[in-house]
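The values are calculated or read from the model by the stated rules, or taken from the named source; none is laboratory data. Please read these numbers as outputs of a predicted model, since none were measured by experiment. Please note: Cβ atoms are built from the backbone with ideal geometry, for glycine as well, and neighbour counts cover all protein chains shown. Surface accessibility is based on the protein's heavy atoms, side chains included, excluding ligands, DNA and RNA. Shrake-Rupley method; radii C 1.70, N 1.55, O 1.52, S 1.80 Å.
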Amino acid sequence: MDHGIKFRIDEVLRERGQSLYWLSRAAGISYTTLWRLTKDRALGMNFATLEKMCGALECQPGDLLELGKENNSAKKTRTLSSRAVRRTSSLL
């Protein structure tokens, strides 16, 4: 997917010695949903899912999410360069 937010679920699980299957069972979230998030195949995510993951892992949302630096700076450049300059006439 083309977005700058990346999930760190695999890293957090590895640090805690847990598996994706464990998180699925502990949080009550389907394994497929979690797999899609870890493989950057998800189109989005709702707050309830994020809250369940944080509850099971006893962490904060910021521990699971990361804003990609390269995507963020590229987006800023693209946004600034693509802004149209609006000219208005002062003649009435």
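Numbers for the structure displayed
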item: One residue from Asp2, Asp40 being at pLDDT below 95 and open to solvent by less than 100 Å² (accessible area, probe 1.4 Å); result: Asp40
item: Residue ID - farthest from Lys6 (Cα to Cα), chosen from residues in segment 38-52 that are touching a strand residue (DSSP E or B) at 6+ places or on another chain (Cβ under 9 Å) and in a helix (DSSP H, G or I); result: Leu50
item: Hits in segment 12-37 (condition: part of a helix (DSSP H, G or I) and open to solvent by less than 80 Å² (accessible area, probe 1.4 Å)); result: Val12, Leu13, Leu20, Leu23, Ser24, Ala26, Ala27, Thr32, Thr33, Leu34, Leu37
item: Subset of segment 43-92 [β-branched (Val, Ile, Thr) and modelled with pLDDT under 90]; result: Thr77, Thr79, Val85, Thr88
